[in-house]
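Peer 1: Can you read through this structure? Questions will come right after.
The numbers here are math on the coordinates, done by the rules we state, and not lab data. Remember, predicted model here, so these are calculated numbers, not experimental data. Cβ atoms come from the backbone with ideal geometry, glycine included; neighbour counts cover every protein chain shown.
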Amino acid sequence: MADTTLMDKLVSLCKRRGFVFQSSEIYGGLGSVWDYGPLGVELKKNVKDRWWRAMVHARDDIEGIDAAILMAARVWEASGHVAGFTDPLVDCRQCKNRFRADDPRIKGTPGQRDAQCPVCGSKGTLTEPRLFNLMFKTFMGPVEEQAAVVYLRPETAQGIYVNYLNVLQSSRQKIPFGIAQIGKAFRNEITPGNFIFRTREFEQMEMQFFVKPGTDAEWFERWREWRMQWHHELGLNPARLRWHQHGPDELAHYARAAFDVQYEFPFGWQEIEGIHNRGDFDLGRHQEYSGKKLDYFEQATNERFLPYIVETSAGADRVTLTLLVDAYREEEVEGETRVVLGFHPAVAPIKAGVFPLVKKDGMPEVATSLYRDLKLRFPSFYDDSGAIGRRYRRMDEAGTPFGITVDGETTSGRTVTVRHRDSMQQERVSLDLVGDYIAERVGGTL
Ligand code: ATP
């Protein structure tokens, strides 16, 4: 399968089955902004829930928060985003298009007479590169002219740093400890694309771990290991996951070390999560800009220090896309193409489909009653329309791991057929135990 074809097929499947729709589609769509449909919202929620369980619930040393998207503008001065979160761009005076200054399609040197616009082909119409800030700006207050400028946060991490003292004091944690948060972030990306990979509104799952200087390298290595393990436990193909270490030219000036978890998408190896050793840059800057002391007093050693931070920063949308890409497959079955999303049962949006074989002989009544019971335990779907084979295929496309069919033997022998999505094997399970049977297989591990 050609790689572009795979992405096209995935985008079309996502729309057809209700995973992802284009934002404002009936108005022609909004560029690189996407909405999650009924199945997509479940899939992404499973990603976020698993992250939260692993990072917050399963540990004693991490607390969760949910900070506001709008923050004091000074936060973004302290963080360096107002001055430095920029890309150099050039405009074409002729066709008004805008490009990154390093766009490989530009012929010649932007700003000079030899430069040719890659869209309209005009010569000498490209401006000199100008810095363009990626933060979305808006106004707080009723009258725009007098109102304060506020930004939509371009990352969730700052909400953690500015709450560091609040959490430390209210939770009675001691260093080393971490703060985790899941939330929306916004970046006015110049070259968004590849479906939900790079968008202007997205969701991050970030954790900042505060440690004593000198122990940071050790914690960094631990976090690298734990985060890669988490991706493996999502059921991703390990051969498509790898580390990418930031070289000196990629490393942010304050960062002591940075590694990305990369996944091999149809459009190449790309980052899905970053693990960064940020030193004392963040707390140092907020201490300086806010005038509030943020150092830590360690009673056991009688020492005072500004904690170092090890950050793990993952994109919920990118991980969701990773699951979709990893799960998609086509198989030839009896002369037909079967499309399957082979999700790990723990992340599948629907865990079981319930089907009466025919709409008579008491089967719909038994199936409905089973469905009502199952639905209270895990997401289930009832379908009584069309041939049973077609109903299985629809569930294959939704990635549902189990199909339960109520048939003639159910009424006589109180057993149902459980059909497995991947092997298509069928087995008979007691009607009374089928709920437990599925619950055991969809729980998953952390
Ligand atoms: P990239 O180089 O791909 O733009 P980045 O290095 O700017 O990413 P970070 O600032 O480290 O990304 O953000 C952490 C995580 O947030 C990324 O690993 C990614 O999963 C997610 N993320 C960042 N920008 C976007 C975006 N525009 N759309 C979707 N997810 C994003």
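Peer 1: May I ask you to compute the full-extension gain from Ser290 to Lys184, defined as 0.36 nm times their residue separation minus their alpha-carbon distance, rounded to one decimal in nm?
Peer 2: Using 0.36 nm per residue and subtracting the Cα-Cα distance, I get 35.7 nm.
Peer 1: Right, next: Suppose R0 equals 60 Å. What FRET efficiency, 1/(1 + (r/R0)^6) with r the Cβ-Cβ distance, do Ser412 and Leu131 give to the nearest 0.05?
Peer 2: The pair Ser412/Leu131 has a calculated efficiency of 0.20.
Peer 1: Here's a follow-up. Could I have the simple spin-label model distance between Asp422 and Thr138, label points 7 Å from Cα toward Cβ, reported in nm to one decimal?
Peer 2: Reported label-point gap for Asp422 and Thr138 is 4.3 nm.
Peer 1: Which value in deg cm²/dmol, rounded to the nearest 500, describes the helix-derived mean residue ellipticity at 222 nm for the chain, given -39,500 (n - 2.57) per DSSP H run of n ≥ 4 and division by the residue count?
Peer 2: Roughly -8500 deg cm²/dmol at 222 nm, from the helical runs in the chain.
Peer 1: Report, by chain and number, residues whose modeled amide H sits under 5 Å from the one on Arg198, excluding near sequence neighbours (fewer than 5 apart, same chain).
Peer 2: Gly193
Peer 1: Under 16 Å from the Cα of Lys44, which lysines turn up, not counting those fewer than eight places away in the same chain?
Peer 2: The reachable lysines, counting only those whose Cα sits under 16 Å from Lys44, are Lys15, Lys184, Lys351.
Peer 1: Tell me, what HN-Hα J-couplings in whole Hz come from the Karplus equation 6.51 cos²θ - 1.76 cosθ + 1.60 at θ = phi - 60° for each residue of region 34-43, using x for Gly and Pro?
Peer 2: With coefficients 6.51, -1.76 and 1.60, one gets 10, 10, 8, x, x, 7, x, 5, 5, 4 Hz.
Peer 1: A further question follows. Ordered by residue, what ³J(HN,Hα) values in Hz, to whole numbers, does region 268-279 give under the Karplus form 6.51 cos²θ - 1.76 cosθ + 1.60, where θ = phi - 60° and Gly and Pro are x?
Peer 2: After applying 6.51 cos²θ - 1.76 cosθ + 1.60, I find x, 6, 9, 5, 10, 8, x, 10, 10, 9, 9, x Hz.
Peer 1: Follow-up question, since we're still on this one. Can you work out the FRET efficiency for the pair Asp384 and Glu233, with r the C-beta to C-beta distance and R0 = 56 Å, to the nearest 0.05?
Peer 2: That gives a FRET efficiency of 0.95.
Peer 1: Further question on the same structure: What order, most packed first, do the peptides 320-326, 185-191 have when packing is the mean number of other Cβ atoms within 10 Å of each residue?
Peer 2: Result, highest mean Cβ count within 10 Å first: 320-326, 185-191.
Peer 1: Need one number: nm distance between label points at Lys107 and Leu70, each 7 Å from Cα along Cα→Cβ, rounded to one decimal.
Peer 2: About 4.9 nm, to one decimal.
Peer 1: Would you list, by chain and number, the lysines whose Cα falls below 22 Å from the Cα of Lys292, excluding same-chain residues fewer than 8 positions away?
Peer 2: Leaving aside lysines fewer than 8 places away in the same chain, those within reach of Lys292 are Lys174, Lys212.
Peer 1: What is the extension gain from Ala83 to Phe21, computed as 0.36 nm multiplied by their sequence separation minus the C-alpha to C-alpha distance, in nm to one decimal?
Peer 2: Length gained between Ala83 and Phe21: 18.8 nm.
Peer 1: How high is the relative contact order of region 350-442, in percent, with contacts defined as C-alpha pairs under 8 Å that are six or more residues apart?
Peer 2: It comes to 30 percent, rounded to a whole number.
Peer 1: Determine the sum of side-chain charges near Ile160: Lys and Arg each +1, Asp and Glu each -1, restricted to other residues whose C-beta is under 12 angstrom from that of Ile160.
Peer 2: -4
Peer 1: Step through the residues of region 360-376 one at a time and calculate ³J(HN,Hα) from phi using the Karplus curve (6.51 cos²θ - 1.76 cosθ + 1.60, θ = phi - 60°), rounding each to whole Hz and writing x for Gly and Pro.
Peer 2: Once rounded to whole Hz, the list reads 7, 6, x, 5, x, 5, 5, 5, 5, 5, 4, 4, 4, 5, 5, 4, 6.
Peer 1: Same structure, new question: For region 301-446, take every pair of Cα atoms, bin their distances at 5 Å starting from 0, and report each bin as a whole percent.
Peer 2: For region 301-446, the pair-distance distribution reads 2, 9, 17, 19, 17, 11, 8, 4, 3, 3, 2, 2, 2, 1, 1, 0.
Peer 1: Students often get this wrong: which residues of region 301-317 have the backbone nitrogen under 15 Å from the point 7 angstrom along Cα-to-C-beta of Tyr254?
Peer 2: Flagged as within label range: 306-312.
Peer 1: Let me check I've understood the local charge: for Ile69, count other residues with C-beta under 12 angstrom from its C-beta, Lys and Arg +1, Asp and Glu -1. What total comes out?
Peer 2: Counting the neighbours of Ile69, the net charge comes to -2.
Peer 1: If N is the number of residues in region 39-148, what value comes out of its Cα radius of gyration divided by 2.2 N^0.38 Å?
Peer 2: That ratio works out to 1.66.
Peer 1: Sequence gap at least 6, Cα distance under 8 Å: using those rules, report the relative contact order of the chain to the nearest whole percent.
Peer 2: Worked out over the chain, it gives 13 percent.
Peer 1: Starting with the fewest neighbours, write out Met140, Met135, Met363, Met395 ranked by other beta-carbon atoms found within 10 Å of each beta-carbon.
Peer 2: The most exposed by this proxy come first: Met140, Met135, Met363, Met395.
Peer 1: Could you point to the residue in Ser313, Ile179, Phe281 farthest towards the positive end of region 171-324's charge dipole, with +1 and -1 charges on the Cβ of Lys/Arg and Asp/Glu respectively?
Peer 2: It is Ile179.
Peer 1: Another question about this same structure. What does the highest-first list of 41-48, 203-210, 25-32 look like by mean Cβ count within 10 Å?
Peer 2: Answer by packing, highest mean first, reads 203-210, 41-48, 25-32.
Peer 1: May I pose another question? In the chain, which Cys residues have no partner Cys with a Cβ closer than 4.7 Å?
Peer 2: Flagged as lacking a Cys partner: Cys14.
Peer 1: Hull surface divided by four, with the convex hull built on the Cα atoms of region 214-273: how many nm²?
Peer 2: 4.8
Peer 1: What is the sum of charges, Lys and Arg at +1 and Asp and Glu at -1, for the other residues whose Cβ falls under 9 Å from the Cβ of Phe297?
Peer 2: Taking every Cβ under 9 Å from that of Phe297, the sum is -2.
Peer 1: Between region 10-26 and region 44-120, what's the alpha-carbon centroid distance in Å?
Peer 2: Here the answer is 24 Å between Cα centres.
Peer 1: Then there is this: Of the peptides 233-239, 402-408, how do they stack up when ordered by the mean number of other Cβ atoms within 10 Å, highest first?
Peer 2: Sorting 233-239, 402-408 by mean packing, highest first, produces 402-408, 233-239.
Peer 1: If I stretch the segment between Ala300 and Arg338 completely, what's the gain in nm (0.36 nm per residue apart, minus their alpha carbon distance), one decimal?
Peer 2: Here the answer is 7.4 nm.
Peer 1: Rounded to whole Å and sorted largest first, list the principal axis extents of the Cα atoms in the chain.
Peer 2: 76, 69, 48
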